[in-house]
Amino acid sequence: MIDLDVGGPRYPGDRSLADLVAGGVRRPDLEPRPGVAVLRNGGVLPSEAGEAVTALLGHHPTVVLRLPPRPAPGAIPVPVVPVHLLLPGGWFPSMTGRAVYQATPAWVRMPGEGIRLPIPRTSTIGALLEGRRPPGGDRWIGAWRKAWRVPWTR
């Protein structure tokens, strides 16, 4: 996951997207490894990170880009999968088109067409954050398979 949000969380890790922009993408950055990789933003605008992001996209089989909530960062040259939390009270702006909706303990109807992910188990979250594969047959991981099959627009 590459965080394109300048105001995003300070995910752990030795390097950030800002480091890759400033110092260049290294060979080890381009070699996929098992598990989940999270690259925090580090204070770089999406418009400044295009070259680094393009290099990473070209060498990793699956990349998730975490976008800033608003405004949209401009044209994105890859398919975008909108992911929204299902929270009561209209916390997020209304949207059009398909999306992936992450269920929460508060039951909320999906506001539009899309895929509803089940609430992930604690062991699933722990495994992903530690770079391990979740237990076999995990419902949350299985639900994402549907999302990857949808022809998302660019």
Being within 22 Å of Ala127 (Cα to Cα), small (Gly, Ala, Ser) and at pLDDT below 85 is the filter here; which residues of segment 15-73 pass it?
Gly35, Ala37
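Look through Pro88, Pro93 and report the one residue that is in the same structural domain as Pro134 (by TED's automatic domain parsing), farther than 27 Å from Gly142 by Cα and modelled with pLDDT under 90.
Pro93
With Gly58, Gly8, Gly43, Gly13 as the choices, which residue is outside the structural domain of Glu130 (by TED's automatic domain parsing) and touching a residue at least 40 places away in the same chain (Cβ under 8 Å)? Steps first, answer last, please.
Details: Gly58 fails: touching a residue at least 40 places away in the same chain (Cβ under 8 Å); Gly43 fails: touching a residue at least 40 places away in the same chain (Cβ under 8 Å); Gly13 fails: touching a residue at least 40 places away in the same chain (Cβ under 8 Å).
After applying the criteria, what remains is Gly8.
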I need a count of the residues in segment 131-150 that are without any contact (Cβ under 8 Å) to a residue 24 or more places away in the chain and either assigned to a loop (DSSP other than H, G, I, E, B) or more than 18 Å from Val36 (Cβ to Cβ) (or both).
6
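Can you give me the number of residues within segment 103-120 that are touching a helix residue (DSSP H, G or I) at 6+ places or on another chain (Cβ under 7 Å) and part of a loop (DSSP other than H, G, I, E, B)?
Counting residues in segment 103-120 that are touching a helix residue (DSSP H, G or I) at 6+ places or on another chain (Cβ under 7 Å) and part of a loop (DSSP other than H, G, I, E, B) gives 2.
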With Val53, Val25 as the choices, which residue is touching a helix residue (DSSP H, G or I) at 6+ places or on another chain (Cβ under 8 Å), over 18 Å from Glu130 (Cα atoms), assigned to a helix (DSSP H, G or I) and not assigned by TED's automatic domain parsing to the domain that holds Ile141?
Val53
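The values are calculated or read from the model by the stated rules, or taken from the named source; none is laboratory data. Only a predicted model underlies this, so the values are computations on that prediction, with no experimental measurement involved. Note: ideal-geometry Cβ built from the backbone for every residue, glycine included; neighbour counts use all protein chains shown.
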